[in-house]
Amino acid sequence: MAPTPVSPSASSYTPANATITMYCRRFVGNLLKGQTVGVIGAGRIGSAYARMMIEGFKMNLIYYDLYQATRLENFVTAYGQFLKANGEEPVTWKRAATMEDVLREADVISLHPVLDKTTYHLINPERLAIMKKEAVLVNASRGPVIDEAALVEHLKANPMFRVGLDVFEDEPYMKPGLADMKNAVVVPHIASASKWTREGMATLSALNVLGKIKGYPVWGNPNQVEPFLQENLTPPPACPSIVNAKQIVCCRPAIGKALGANTDRLVSTC
Ligand SMILES: NC(=O)c1ccc[n+]([C@@H]2O[C@H](COP(=O)([O-])OP(=O)(O)OC[C@H]3O[C@@H](n4cnc5c(N)ncnc54)[C@H](O)[C@@H]3O)[C@@H](O)[C@H]2O)c1
């Protein structure tokens, strides 16, 4: 059977315009179970994404990050042991020595690094060329992590290579040709668009204003957030932080009301 390129819109095929044979052959994907998910940038979002793919699809993990993702590694080890104890094939993990190792080995690759000068055009023509011809590449980090013009050329030359993009190099615009590619699924920067997340973002912004008014210092090191995560301890009086909502809002309810914030909601959201 000849491979069928992915269509961006399965919903455009209805019983009125498709035969049973078309249904059988079209929109058929590979089984993810037992395949390898590659994560580049195993920080907060990269690790959460990895867990989702491992728990949801029982994929094996290969990741590349400048730092060891110990918590993620421990999770995959424990989950693998759990599966084995239940008579199932255990999942595995590997920390790659180079990013190229991830690109060569993974079936699904998701990009989650920060955008800085080390990650600008991280995915370039040379790196696209070493990925599997049928790989799936996902980018919900920042657009310029991918050389988007090179990606369009790669998609044209490799119809079974697929990409899912939430972010774009010249956001809100796309490089010429990208919108026409049947093997690209694009969404308009909506990775954070759940009600829970957006309410949390709004709450955090309001708390920053309150924290500033209250004279809280700005927390200096964004990579050192453990003091905010100790369940039985009061979080440091610093902003930005959502976990010290009670401290901030309860001490100054009048300020919250003056800013138009529903203070009960601020506390309960956290
Ligand atoms: N699409 C959206 O709506 C959306 C929402 C939130 C965050 N983001 C983006 O998602 C990305 C991840 O966010 P996060 O909160 O998980 O960040 P994070 O800081 O927790 O994780 C980033 C990880 O990238 C790693 N990293 C840095 N440079 C690297 C390199 N050269 N190679 C490999 N790894 C490298 C870091 O060590 C870190 O572990 C960021 O780019 C952020 O801007 C997108």
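V76: part of a helix (DSSP H, G or I) and of a type in the set (V, I, T), yes or no? Answer is yes for this residue. Filter segment 114-127 down to the residues that are of a type outside the set (S, T, Y) and either touching a strand residue (DSSP E or B) at 6+ places or on another chain (Cβ under 8 Å) or not in a helix (DSSP H, G or I) (or both), then identify the one that is farthest from the ligand (Cβ to nearest atom). Among those residues, the one meeting the criterion is N124.
Restricting to segment 207-239, and then to whatever is among the hydrophobic types (A, V, I, L, M, F, W, C) and in contact (Cβ under 8 Å) with a residue 24 or more places away in the chain, can you tell me which residue is farthest from the ligand (Cβ to nearest atom)?
In this case the residue turns out to be I213.
The residues of segment 79-90 that are within 13 Å of L61 (Cβ to Cβ) and out of contact with any helix residue (DSSP H, G or I) (no Cβ under 7 Å at 6 or more places or on another chain) amount to a single one, G80. All of M181, M174 fail the test of being modelled with pLDDT of 95 or more and within 16 Å of the ligand (Cβ to nearest atom), apart from M174. Being part of a loop (DSSP other than H, G, I, E, B) and within 16 Å of the ligand (Cβ to nearest atom): is that true of A42 here? The answer is yes for A42. Of all the residues in segment 103-113, those that are aliphatic (A, V, I, L, M), assigned to a strand (DSSP E or B) and over 10 Å from I146 (Cα atoms) number 2.
Go through segment 173-188 residue by residue and tally those that are under 19 Å from the mean Cα position of the chain (by Cα) and loosely packed, with under 15 Cβ neighbours inside 10 Å.
Residues flagged as under 19 Å from the mean Cα position of the chain (by Cα) and loosely packed, with under 15 Cβ neighbours inside 10 Å within segment 173-188 amount to 2.
Specify which of the listed residues (V102, V39, V108, V91) is over 18 Å from the mean Cα position of the chain (by Cα) and crowded, with 21+ Cβ neighbours inside 10 Å. I'd like the intermediate steps shown before the answer.
Numbers: V102 fails: over 18 Å from the mean Cα position of the chain (by Cα); V39 fails: over 18 Å from the mean Cα position of the chain (by Cα); V108 fails: over 18 Å from the mean Cα position of the chain (by Cα).
So the residue among V102, V39, V108, V91 that is over 18 Å from the mean Cα position of the chain (by Cα) and crowded, with 21+ Cβ neighbours inside 10 Å is V91.
If the requirement is being more than 16 Å from the chain's Cα centre (by Cα) and either on the phi < 0 side of the Ramachandran plot or surrounded by fewer than 16 Cβ atoms within 10 Å (Cβ to Cβ) (or both), which of these qualifies: A69, A48, A85? Among A69, A48, A85, only A85 is more than 16 Å from the chain's Cα centre (by Cα) and either on the phi < 0 side of the Ramachandran plot or surrounded by fewer than 16 Cβ atoms within 10 Å (Cβ to Cβ) (or both).
Limited to segment 89-102, what total is found for residues that are of a type in the set (A, V, I, L, M), within 16 Å of the ligand (Cβ to nearest atom) and part of a loop (DSSP other than H, G, I, E, B)?
2
Just to be sure before I move on: is V167 near the ligand (Cβ under 10 Å from one of its atoms) and assigned to a loop (DSSP other than H, G, I, E, B) in the structure I sent? Considered against the rule, which asks whether it is near the ligand (Cβ under 10 Å from one of its atoms) and assigned to a loop (DSSP other than H, G, I, E, B), V167 comes out as yes. Filter segment 126-147 for residues that are more than 16 Å from M99 (Cβ to Cβ) and hydrophobic (A, V, I, L, M, F, W, C); which is surrounded by the most Cβ atoms within 10 Å (Cβ to Cβ)? Here the answer is V136. The residue pairs whose first member lies in segment 155-174 and is over 19 Å from V136 (Cβ atoms) and assigned by TED's automatic domain parsing to the domain that holds V136, whose second member is away from the ligand (no atom under 16 Å from the Cβ) and assigned to a loop (DSSP other than H, G, I, E, B), and whose beta carbons are closer than 9 Å, counting only pairs six or more residues apart or on different chains, are E169/K175. Filtering L155, L204 for residues that are touching a strand residue (DSSP E or B) at 6+ places or on another chain (Cβ under 7 Å), in a helix (DSSP H, G or I), away from the ligand (no atom under 12 Å from the Cβ) and of a type outside the set (D, E) leaves a single hit, L155.
The values are calculated or read from the model by the stated rules, or taken from the named source; none is laboratory data. Bear in mind the structure is a predicted one, so any value in this text is a computation, not a measurement. Note that each Cβ is placed from the backbone with ideal geometry, even for glycine, and that neighbours are counted across all protein chains shown.
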